[in-house]
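Every number in this text was worked out from the coordinates using simple rules, so none of it is lab data. Note that the structure is a prediction, hence the values are computed from the model and not measured. Cβ placement follows ideal geometry from the backbone for every residue including glycine, while neighbour counts extend to all protein chains displayed.
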Amino acid sequence: MLTVTDLNVYYGAIHAVKGISLEVNEGEIVTLIGANGAGKSTTLQTISGLLRPRTGTVTFLGEPITNLPAHKRVERGLAQVPEGRRIFLSMTVAENLEMGAYSQRGADTASGMEQVFTLFPRLQERRKQIAGTLSGGEQQMLAMGRSLMSRPKLLMLDEPSMGLAPILVEQIFSTIVEMNRAGTTILLVEQNAQMALSVAGRAYVLETGQIVMQGNARELSGNEEVKKAYLGG
Amino acid sequence: MSFLSHLISGISLGSIYAIIALGYTMVYGIAKMLNFAHGDVIMVGAYSCFFLMSRFHLPVIVGVVAAMLVCTLLGVTIERLAYKPLRAAPALAVLITAIGVSYFLQNAALLLWTSNPKVFPSIAGNTSIKLLGGQLSISPTALLSIASCIVIMVALTWFTSSTRMGKAMRACSEDKGAAQLMGINVNVTISMVFAIGSALAAIAGILLCSAYPTLTPTTGSMPGIKAFTAAVFGGIGSIPGAMIGGILLGIIEIFGKAYISTQLSDAIVFLVLIIVLLVRPAGILGKTVQEKV
């Protein structure tokens with residue numbers, strides 16, 4: 001479904017992503033784990049089109065999208081829940097969801113919203129509330145719901161557990177699994193490696209802009225090096 | 001009675017400032033830049049309308065609509081050629097470019113239309129409306145300015161709160177990256193804001209020259225700066241703020257002229273701005289936003 005080949009991304013003179021290649025197949029949950037600054041978010045933002053690679057290609061559904069503007073990628077079914085949620089704080093919950101459906105010209109926004117409300121009943125209660133007044137967990141739900149409004153084929157999530165209480169993290173991850181069961185392929189970037197490996201099928205381990213390990217998520221969570229570096233022993 | 005009549009002239013001048021200030025504030029909201037060429041777009045709008053009416057003897061409404069089209073095209077072109085290539089540049093580079101565009105427009109106008117002032121005809125006619133047994137007389141231009149301001153305010157509020165495009169505009173103002181991830185074309189949205197702001201500038205230019213009939217290539221610069229002041233006064237980036245700031249500024253200016261000193265009226269306007277900004281740095285309706293790192 002998604003193929004990234006030999007991606008090199010720079011921030012000015014800083015070489016942030018060094019020749020990363022990865023693949024996501026339909027129906028999978030794939031995770032990129034690694035320490036802060038390993039290049040996980042940069043990779044994701046290059047796939048979604050917010051950043052441009054210096055070299056390398058991104059192919060989605062068999063077509064190259066490396067030079068496609070970000071807003072066109074959404075129309076093709078590639079959505080991203082950005083790091084730090086980045087919901088529109090001054091708009092209402094419902095307006096945020098409407099913005100999520102922006103690429104679905106003329107589509108039925110109401111039925112999309114119903115689906116999001118089934119997944120996150122909390123958002124329905126708060127749909128007229130200004131998004132900035134929501135709690136952190138609710139904001140994460142809104143960010144996820146907003147991305148689902150574009151009916152993505154591949155949903156990329158950047159650090160969905162960031163800044164949330166453990167109970168909320170559990171909830172968010174079980175929703176991710178639920179979304180995947182409903183047919184959305186998932187590419188997940190996480191610092192909480194333990195959680196990420198527990199829901200993912202496959203994983204890539206990033207270190208200073210390079211993939212240092214990859215494979216079955218269960219096997220990786222049993223790997224001594226991974227345990228030592230990312231799972232706290 | 002003179003108090004009431006000054007108040008009405010203040011509100012009417014303020015309405016014109018408010019219409020100009022909307023252009024500044026909307027562009028700032030979305031592009032985070034101060035478009036100092038905005039005042040000169042007003043002047044181009046007034047000239048366009050003037051020539052269509054005086055040379056081709058077109059009816060007022062045709063002149064106004066045509067001037068709006070000319071300014072829309074001009075605004076979008078300026079954005080495309082001068083500002084868009086600088087989207088990632090430091091704010092200072094964009095600011096200097098905007099000042100450059102302003103001088104370019106003034107000098108192009110000087111070349112095209114010479115420095116001889118044109119006498120602009122009042123588009124609303126010259127029959128004053130007498131109220132309270134003839135004690136209070138209101139010029140039709142004043143009424144037209146106030147009415148235009150109200151209509152524009154209502155229309156813009158509806159546009160930004162109820163239309164798909166208007167909401168996309170708010171989304172872009174808040175977070176361009178996140179807006180892109182929603183599938184919003186940020187460049188198109190920015191162009192649209194320039195288009196709306198410039199069309200409003202045409203209306204303001206025509207109303208301004210209708211009230212103060214001397215039209216020269218620098219006609220737009222002082223009202224432009226005052227409207228910018230009004231936008232900052234009300235809280236830059238805020239649409240209702242531009243409206244309130246504009247109207248207050250107009251009232252302060254006319255009262256300053258009437259009761260304090262004609263020569264000092266501009267100084268008084270800017271003094272009030274300084275005081276307001278000392279007390280409320282974000283303006284009357286502005287929100288203090290923390291710069292994100």
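Quick notes
- Computed Rg/Rh of the stretch B:102-238, alpha carbon atoms with Kirkwood Rh: 1.06
- Gyration tensor (alpha-carbon) shape descriptor, the stretch B:216-267, a/c threshold 1.5: oblate
- Helical mean residue ellipticity (222 nm; -39500 (n - 2.57) per DSSP H run of 4+; nearest 500) of chain B: -23500 deg cm²/dmol
- With a Förster radius of 45 Å applied to the C-beta separation of A:LEU61 and B:PHE56, the computed FRET efficiency comes to 0.20.
- Taking all Cα pairs closer than 8 Å and separated by 6 or more residues, the relative contact order of chain A comes to 28 percent.
- For chain A, built as a Gaussian network whose Cα springs stay under 10 Å, the top-fluctuating residue of A:TYR204, A:TYR102, A:TYR11: A:TYR11
- B:THR114-B:SER265 FRET efficiency (beta carbon distance; Förster radius 35 Å; 0.05 resolution): 0.75
- Diagonalising the gyration tensor over the Cα atoms of the stretch B:15-219 and scaling each eigenvalue by 5 before taking the square root yields semi-axes of 32, 22, 13 Å, largest first.
- Packing order of peptides A:51-62, B:84-95, highest average first: A:51-62, B:84-95 (average count of other Cβ atoms within 10 Å over each peptide's residues).
- Pairwise Cα distances in chain A exceed 27 Å for 32 percent of all pairs.
- Separation between Cα centres of the stretch A:197-215 and the stretch B:1-37, rounded to whole Å: 56
- Membrane-span-like helices in chain B, defined purely by DSSP H runs whose alpha carbon atoms cover 18 Å or more axially and whose average Kyte-Doolittle hydropathy reaches 0.5, are B:2-31, B:38-54, B:60-78, B:91-113, B:140-162, B:186-211, B:221-234, B:239-255, B:265-279.
- Global form of the stretch B:167-293, assessed from the alpha-carbon gyration tensor, a/c cut-off 1.5: oblate
- If you take the Cα centroid of the stretch A:42-60 and the Cα centroid of the stretch A:107-123, the two points sit 30 Å apart.
- Candidate aspartates and glutamates for bridging to B:LYS167, where Cα separation is under 14 Å - those fewer than 8 sequence places away on the same chain excluded: A:GLU95, A:GLU98, B:ASP175
- Over the C-alpha atoms of the protein assembly as shown, the Rg to Rh ratio, Rh being the Kirkwood estimate, stands at 1.08.
- For chain A, the 222 nm mean residue ellipticity estimated from helices alone, with every DSSP H stretch of n ≥ 4 adding -39500 (n - 2.57) and the total spread over all residues, rounds to -10500 deg cm²/dmol.
- Exceeding the 31 Å Cα-Cα cut-off - candidates A:LYS153/A:LYS228; A:LYS128/B:LYS84; B:LYS176/B:LYS226; A:LYS18/A:LYS153; A:LYS227/B:LYS176: A:LYS153/A:LYS228; A:LYS128/B:LYS84; A:LYS227/B:LYS176
- Rounded tilt (10° steps) of A:166-181 against the dominant C-alpha axis of chain A: 90
- When only alpha carbons are used to place a centre, the stretch A:70-93 and the stretch B:203-221 end up 43 Å from one another.
- Spin-label zone in the stretch B:118-157 - amide nitrogen under 18 Å from a point set 7 Å from the Cα of A:ILE130 along the C-beta vector: B:157
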